[in-house]
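Novice: Pasting a structure here, questions to come.
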Amino acid sequence: MRTEKPTSAARASRAFALFTLQLAGSMACLAEPDPNWLDHDRNRPQPPVVAPATPSTQEQAGKPPSDAVVLFDGKDLSQWVSMDGSPTKWITRDSYMECVKGSGYIRTLQNFGDCQLHVEWATPTPGEGVGQGRGNSGVFLGLNRYEVQVLDSYENKTYADGSAGSVYGQYPPLANVTRPPGQWQTYDIIYTAPRFDADRKLVSPTRLTVIHNGVLIQNNVELTGPTDWLDRAPYQAHPEKQPISLQDHGNPVRFRNIWVRELGKPGKKEFTLPNTLLDRYTGKYDLIEITREGSQLAARIGGVKLAMFAESPTRFFAKTTDLQIEFSGGDQGKPDHLTWSVGEGANEAKRKD
Ligand code: MG
């Protein structure tokens, strides 16, 4: 039997396939912070200025995709609260919301893990202040941990890893696509939440991709941990789904047309409720004890303690066992009983304290 020698065309085809594989491999590599630069290094090169391809739509915000969760449609702040869950003092007018200096960050009531997030923003006009003091706000994923910087970076120099579109303190944007103050700008952010194991050890870090006014400025970068001023703190374990937040940095930055598409496997909606509400639910019930740990309830039943996630202001569920709890009855918001079930049926448990 004679072995056929590969033809030159077959060799070329194989070489091309190998090249394609290598290229795909190199593209799959995640970006890491450049160790040659200090945090907020004033000598770090500025991102090149790039004019966005499409004109900004000044009059009308675009319509969200049909499967998006609309977080702000220009009418009301019903999806947003202060960080402690109380009503926010940010204001709405003329189809946008505006940060009120000193009122604090705002966060969504609903929690999100891996997601595609669309945000439109405009910095104050005329632009006042310099550097970090000019049109500063931020879009945070993972509650208040991972910031994509919002800043008036139009002809306003600041340290590169703090300019508009930076992953604050870690990655300067690949380009400066900032429009002049007062004009509407878009961020399209792809967020991959970090994962932690049962021992609260990091399994995979946060990743972010950001498109600013239609231009890619962050390409699947891998965060070292939470973003912060002066500090690169290590990761601290947190639930996969967390609220999205917007920063009050003392400037009246405006936002409109905010929507999000959840990625990954579908699941129940999750919310972060005010601690004042959760505290009304804590106590001893027949067979079950409810406690609060941070911004979450925990249920102790049959000697096992389970973290409970809110799917509405009164309904909660566990993730490791199919335990569901609903609080009801009582007065002044303090329930006198709960209904619980594990996998099937329903049981009523009266409050004992
Ligand atoms: Mg900021």
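Novice: Mind giving me the FRET efficiency for Leu38 and Lys269? R0 is 41 Å, r the Cβ-Cβ distance, nearest 0.05 is fine. Kindly include the intermediate steps, with their values, before the conclusion.
Specialist: Details: r = 42 Å, r/R0 = 1.02.
Result of the calculation: an efficiency of 0.45.
Novice: Okay, next question. For Gly138, enumerate residues with amide H under 5 Å from its amide H, sequence gap 5+ or separate chain, H modeled in the peptide plane.
Specialist: Counting only residues 5 or more places away or on other chains, the set is Val150, Gln247.
Novice: If you don't mind, another one. Hey, what do the phi angles of the stretch 210-217 turn into as Karplus ³J(HN,Hα) couplings, whole Hz, using 6.51/-1.76/1.60 and θ = phi - 60°, x for Gly and Pro?
Specialist: 9, 10, 10, 6, x, 10, 5, 10
Novice: Let me ask something additional. Using a 10 Å Cβ count of at most 13 others and DSSP loop calls, identify the longest part of the chain lacking such GluC sites (Glu not before Pro).
Specialist: Working: sites that count: Glu4, Glu59, Glu128, Glu155.
With GluC sites (Glu not before Pro) excluded where exposed in loops, the chain gives 156-353 as its longest stretch.
Novice: Near the amide H of Leu297, under 5 Å away, which other amide H atoms are found, from residues 5 or more places off or on another chain, if H is placed in the peptide plane?
Specialist: So Leu297 has HN proximity to Met308.
Novice: On the principal axes of its Cα set, how long, how wide and how thick is the stretch 199-353? Give whole Å, largest value first.
Specialist: Largest to smallest, the principal-axis extents are 56, 37, 31 Å.
Novice: Could you calculate the FRET efficiency of Ser78 with Ser328 from 1/(1 + (r/R0)^6), where r is the beta carbon distance between them and R0 is 30 Å, rounded to 0.05? Working shown, then result.
Specialist: Details: r = 23 Å, r/R0 = 0.78.
In this case the efficiency is close to 0.80.
Novice: Local charge sum around Asp228 (other residues, Cβ-Cβ under 12 Å, Lys/Arg +1, Asp/Glu -1)? Present the calculation step by step, with values, prior to reporting the outcome.
Specialist: Values: positive: Arg145, Arg232; negative: Asp39, Glu147, Asp161, Asp231.
Here the count lands on -2.
Novice: Could you list His212, His118 so that the one with the fewest beta carbons within 10 Å of its beta carbon is first and the one with the most is last?
Specialist: Numbers: His212 26, His118 21.
In order of increasing Cβ crowding within 10 Å: His118, His212.
Novice: Separate question: Consider all pairwise Cα distances in the stretch 69-262 and report the whole-number % of them above 30 Å.
Specialist: Values: 2387 of 18721 pairs.
Cα-Cα pairs in the stretch 69-262 separated by more than 30 Å: 13 percent.
Novice: Ok, one more. Using the Cα atoms of the stretch 275-350 to build a convex hull, what is its mean projected area in square nanometres?
Specialist: On the way: hull surface 18.3 nm².
The directionally averaged projection comes out at 4.6 nm².
Novice: Now for a separate question. For the stretch 129-178, which trypsin sites (Lys or Arg not before Pro) are both in a DSSP coil and crowded by at most 14 other Cβ atoms within 10 Å? Could the numbers behind the result be given before it?
Specialist: Values: sites: Arg134, Arg145, Lys157; in loops: Arg134, Arg145, Lys157.
Loop-located and lightly packed - Lys157.
Novice: A further question on this structure: What percentages, rounded to whole numbers, describe P(r) for the stretch 246-292 computed over all alpha carbon pairs with 5 Å bin width beginning at zero?
Specialist: 5, 11, 12, 12, 14, 17, 13, 9, 5, 2, 1
Novice: Grab the Cα-Cα distance for Ile91 and Val49, subtract it from 0.36 nm times how many residues apart they are, and report the gain in nm with one decimal. Numbers along the way, then the final one.
Specialist: Details: separation 42, 0.36 × 42 = 15.12 nm, distance 3.24 nm.
Stretched fully, the Ile91-Val49 segment lengthens by 11.9 nm.
Novice: Something else now. Mind sorting Leu141, Leu77 by how few other Cβ atoms lie within 10 Å of their own Cβ, fewest first?
Specialist: Working: Leu141 26, Leu77 16.
With the fewest neighbours first, Leu141, Leu77 line up as Leu77, Leu141.
Novice: May I ask you to list the trypsin sites (Lys or Arg not before Pro) in the stretch 298-342 that are in a DSSP loop and have at most 15 other Cβ atoms within 10 Å of their Cβ?
Specialist: On the way: sites: Arg300, Lys305, Arg315, Lys319; in loops: Lys319.
Qualifying residues, ordered by number: Lys319.
Novice: Would you work out if the chain is rounded, prolate or oblate? Take a ≥ b ≥ c from the square roots of the eigenvalues of the alpha-carbon gyration tensor; rounded if a/c is under 1.5, else prolate when a/b is larger than b/c, oblate otherwise. Let's see the in-between values first.
Specialist: Values: a/c = 2.16, a/b = 1.31, b/c = 1.65.
Oblate shape, in that a/c is at least 1.5 and b/c is the bigger or equal ratio.
Every number here is computed from the coordinates shown, using simple stated rules; none is lab data. Note that the structure is a prediction, hence the values are computed from the model and not measured. Every residue, glycine among them, receives a Cβ derived from its backbone with ideal geometry; neighbour counts consider all protein chains shown.
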